[in-house]
Amino acid sequence: MAKKKKGQSKVTVYPDWCKGCGVCVSFCPAKVLELDETGKCHVAREDDCIHCGFCELHCPDFAIVVTDKKPKDEQA
Amino acid sequence: MNEVTGNEIIHQYLRHNKKFPHVLCAGCGHGIVLGSLIRSVHSLDIPKDDVVIVAGIGCSGRLAVYVDFNTIHTTHGRALTFATGIKMSNPKLKVICIMGDGDALSIGGNHLIHAARRNIGVTALILNNNIYGMTGGQSSPATPSGSTSMTAPFGQLEESFDTVSLGQGAGANYVARGTVFHVQKLERLMCEAITKPGFNMLEVLTPCHTQYGRKNKFKGPVDMYKWLKKTAVPVERYQEMKEEQRGDRIPIGVFTDKGNPGLEERYFGLKKELLAKQQAAEGK
């Protein structure tokens, strides 16, 4: 997965699937994610995301999806 | 191949009529192993119907419930025996056996060494979380010496099994070790373990915070992942290290790769040969 510049990725968290283990929050290199008052993960600074894919690969509950902001045909 | 990436692939392979989120505890590495397995099967372009997941009992046994492959949830420790039967009756299937450390090394230890000796074409994933998690945190054969558990409150006196040496000694065709922190490496190893012939063994170190970490001074699941990041080193670098540098470090990577044909290949080859001989004798 090629690294992308900031502000081009969309991070989606499914709160129903998140168990709040905090793995994504503590290892995120750009500090995009945070735990909210309910103890679950939410996206705090989406524009800082560098699309490294760590959270997506390491979420044990498959609760995070990182995608490109624009559809593929628009980028080209 | 489909254009979707990451977790979107995983959602295509899950059984959404099961209750989600899954039963595993927060921060359990088993979910990551399941994700890597799905991504590996997807990247190898194997149809869902050609994959059989055989799981034993324990936390790892739950993984078979959630994926939309052919799955079978078997008795404790006997997953490899069921897998052997499936592979011998239909060698076209990719049989993947998911076992925990207690399942594979203690209760099914006998089956593990004999499956390795036979070189049956099964992929054995051994999810090593150092403890019997589901039954309440008893010491397993993989609990490191000196660590505390429910049945060893003053520290484990027994030595633990080295799964890799065990597999090598028993004659497994392919032996590798990965961790859930190094996911991309784990996926590469898993792809190799699924495609190579013969008995392929992949040990995956996955943290169990609920039963093991809490009793061993890990504050949270994140600490266990940090520990994995610190202790796991590639096997090439581990071999170059001096004895005193090694300490508690755990080598990860490929340890044995023989590439011998599996038992089912040799069996059906022999069958074909004998039938040809018989036909030739009858023709005379």
Relative contact order (percent) for the range B:187-230, with alpha-carbon contacts under 8 angstrom and 6 or more residues of separation?
23 percent
Mind grabbing the accessible area of B:Lys230 for me, 1.4 Å probe, Å², rounded to tens?
140 Å²
If you average the C-alpha positions of the range B:236-284 and of the range B:160-193 separately, how far apart do those two centres end up, in angstrom?
14 Å
In degrees from 0 to 90, rounded to the nearest 10, what is the angle of the helix B:221-231 Cα long axis to the longest principal axis of chain B?
70 degrees
List the residues whose amide H sits under 5 Å from the amide H of B:Thr256, counting only those 5 or more places along or on another chain, with H placed 1.01 Å from N in the peptide plane.
B:Val175
Summed buried accessible area for A+B [probe radius 1.4 Å, Å², rounded to 100]:
2200 Å²
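Defining a contact as two alpha carbons under 8 Å apart and six or more residues distant in sequence, what relative contact order in percent does the range A:9-69 show? List each step's numbers first, then the result.
Details: 103 pairs, mean separation 28.1, N = 61.
It comes to 46 percent, rounded to a whole number.
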Other-chain or far-sequence residues with amide H under 5 Å of B:Ala232's (modelled H)
B:Ile250
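Based on DSSP H runs of at least 4 residues, each adding -39500 (n - 2.57), what is the mean residue ellipticity at 222 nm of chain A after dividing by all its residues, to the nearest 500 deg cm²/dmol? Could you put the intermediate results ahead of the total?
On the way: 3 runs with 14 residues, N = 76.
Computed mean residue ellipticity for chain A: -3500 deg cm²/dmol.
With a 1.4 Å probe and every protein chain left in place, work out the accessible area per residue of chain B in Å², rounded to a whole number. Let's see the in-between values first.
Values: 13080 Å² over 284 residues.
With the other protein chains kept in place, chain B gives 46 Å² per residue.
Give, as a single signed number, the net charge of other residues whose beta carbon lies under 12 Å from the beta carbon of B:Ser140, with Lys and Arg counted +1 and Asp and Glu -1. It would help to have the intermediate numbers written out before the result.
Numbers: positive: none; negative: B:Asp101, B:Asp103, B:Glu158.
That sum, taken over residues with Cβ under 12 Å, equals -3.
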Dividing the mean separation of Cα pairs under 8 Å (6+ apart) by the residue count of chain B yields a relative contact order in percent of 17 percent
Sorted by accessible area with a 1.4 angstrom probe, largest first, how do B:His11, B:His30, B:His76, B:His16 fall?
B:His16, B:His76, B:His11, B:His30
If r is the Cβ-Cβ distance from B:Gln278 to B:Asp50 and R0 is 25 Å, what FRET efficiency results, to the nearest 0.05?
0.20
In whole Å, what is the distance between the alpha-carbon centres of the range B:1-54 and the range B:91-118?
21 Å
Between B:Arg249 and B:Ser145, what is 0.36 nm times their sequence separation minus the Cα-Cα distance? Round to one decimal in nm.
36.0 nm
For helix B:183-195, what angle does its Cα long axis make with the longest principal axis of chain B, in degrees from 0 to 90 and rounded to 10?
20 degrees
Too long at a 26 Å Cα-Cα cut-off: which of A:Lys19/B:Lys219; A:Lys40/B:Lys226; B:Lys48/B:Lys87; B:Lys94/B:Lys277; A:Lys5/B:Lys230?
B:Lys94/B:Lys277; A:Lys5/B:Lys230
In a Gaussian network model of chain B with springs linking alpha carbons closer than 10 Å, the residue among B:Phe20, B:Phe218, B:Phe255 that fluctuates most is B:Phe20
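Write down the percent of antiparallel bridges among all DSSP beta bridges whose residues are both part of chain B, to the nearest 5. It would help to have the intermediate numbers written out before the result.
Working: 8 of 37 bridges.
DSSP beta bridges in chain B are roughly 20 percent antiparallel.
How much length, in nm to one decimal, is gained on full extension between B:Gln239 and B:Arg214, taken as 0.36 nm per residue of separation minus their Cα-Cα distance?
Details: separation 25, 0.36 × 25 = 9.00 nm, distance 3.20 nm.
So the chain would gain 5.8 nm between B:Gln239 and B:Arg214.
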Add +1 for every Lys or Arg and -1 for every Asp or Glu among the other residues with Cβ under 14 Å from the Cβ of A:Cys59, and state the total.
-1
Roughly how many whole Å is it from the C-alpha centroid of the range B:202-234 to that of the range B:120-152?
13 Å
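With all protein chains present, how much of the accessible area of the range A:1-65 (probe radius 1.4 Å) comes from carbon and sulfur, to the nearest whole percent?
53 percent
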Only Lys, Arg, Asp and Glu count, each charged at its Cβ (+1, +1, -1, -1), so figure out the dipole size of the range B:1-133 about its Cα centre, rounded to 20 debye.
340 debye
Helix B:79-89: angle to the longest alpha-carbon principal axis of chain B, degrees 0 to 90, nearest 10?
20 degrees
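The values are calculated or read from the model by the stated rules, or taken from the named source; none is laboratory data. Owing to the predicted nature of the structure, the values given are computational and were not obtained by experimental measurement. In this analysis, Cβ positions are derived from the backbone assuming ideal geometry, glycine residues included, and neighbour counts consider all displayed protein chains. Quick note on the areas: whole protein, heavy atoms, side chains included, nothing else; ligands and nucleic acids left out. Shrake-Rupley method; radii C 1.70, N 1.55, O 1.52, S 1.80 Å.
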